[in-house]
Amino acid sequence: MRTLWITLLFVAVGAQSYAQNAAIEQEIKELSLAKWQWMADKDVDKLATLFHDKSKFVHMSGSWKKDRELEIIKTGSIWYKQADVHDVAVETFGDDTAILWNRITLTAHVRGNDVQNEFTVTEFYQKEGDDWKLLDLTFSSVRDTHEIEH
């Protein structure tokens, strides 16, 4: 009987952990989608809250920190007009760290021209208090046939 109770306890803890991870994964997916919209809307106030003070951004043309990314978005030197998300995968590490990969087609306005590129974007998030903070956003140029391994 004792073995049965121990087994049931492990099953319950495992189910709770799975449900918690699934909830975090969904929260991160929704936050990432909101981030793409805020970028399209040039909503630097919401992005400033989301981006960690030490966050880094890696693009095709270089890498920089939070203040420069917000300036780029605010001035429209890169206008992330639309990110069509084709696939998303999230991995959690405990209840305070998550990595999201999304395969996107990005339509952006750069140097006076609309351009469209295929990317896999890697986003690192860490929970601070009740809020998730974006630590890193890296664009990797890929073919449109690229798939994210789940």
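Observations on the structure shown:
- The H on the amide N of residue 142, modeled in the peptide plane, is under 5 Å from the matching H of 118, 119, 120, each at least 5 residues off or on a different chain.
- Dipole check for the chain: with +1 at the C-beta of Lys and Arg, -1 at the C-beta of Asp and Glu, and the Cα centre as origin, the magnitude is about 280 Debye.
- Against the set [x] 15.7, 59; [y] 18.3, 73; [z] 14.9, 45, the structure's computed Rg and Dmax of the Cα atoms in Å falls on [y].
- The chain: angle of helix 66-75 to the longest principal axis, Cα-based, in degrees nearest 10: 50 degrees
- Environment charge of residue 89, counting only residues whose C-beta is closer than 12 Å and scoring Lys/Arg +1, Asp/Glu -1: -4
- Zone residues, region 101-118, relative to residue 145, backbone N less than 13 Å from point 7 Å out along Cα-to-Cβ: none
- Paramagnetic reach from residue 40 (point 7 Å along Cα→Cβ, amide N under 18 Å) across region 86-100: 86-88
- Seen through its C-alpha gyration tensor, with square-root eigenvalues sorted a ≥ b ≥ c, region 57-134 comes out oblate because a/c lies at 1.5 or above while a/b is not bigger than b/c.
- Helix 2-40 and the long axis of the chain differ in direction by around 10°, with both axes built from C-alpha atoms.
- Backbone N within region 64-98 under 11 Å of label point (7 Å from residue 138 Cα along the Cβ vector): none
No value in this document is a laboratory result; all are computed from the given coordinates. Note that the coordinates shown come from a computational prediction; the quantities given were computed from them, not determined experimentally. Using ideal geometry, Cβ is built from the backbone for each residue, glycine included, and neighbour counts are taken over all protein chains shown.
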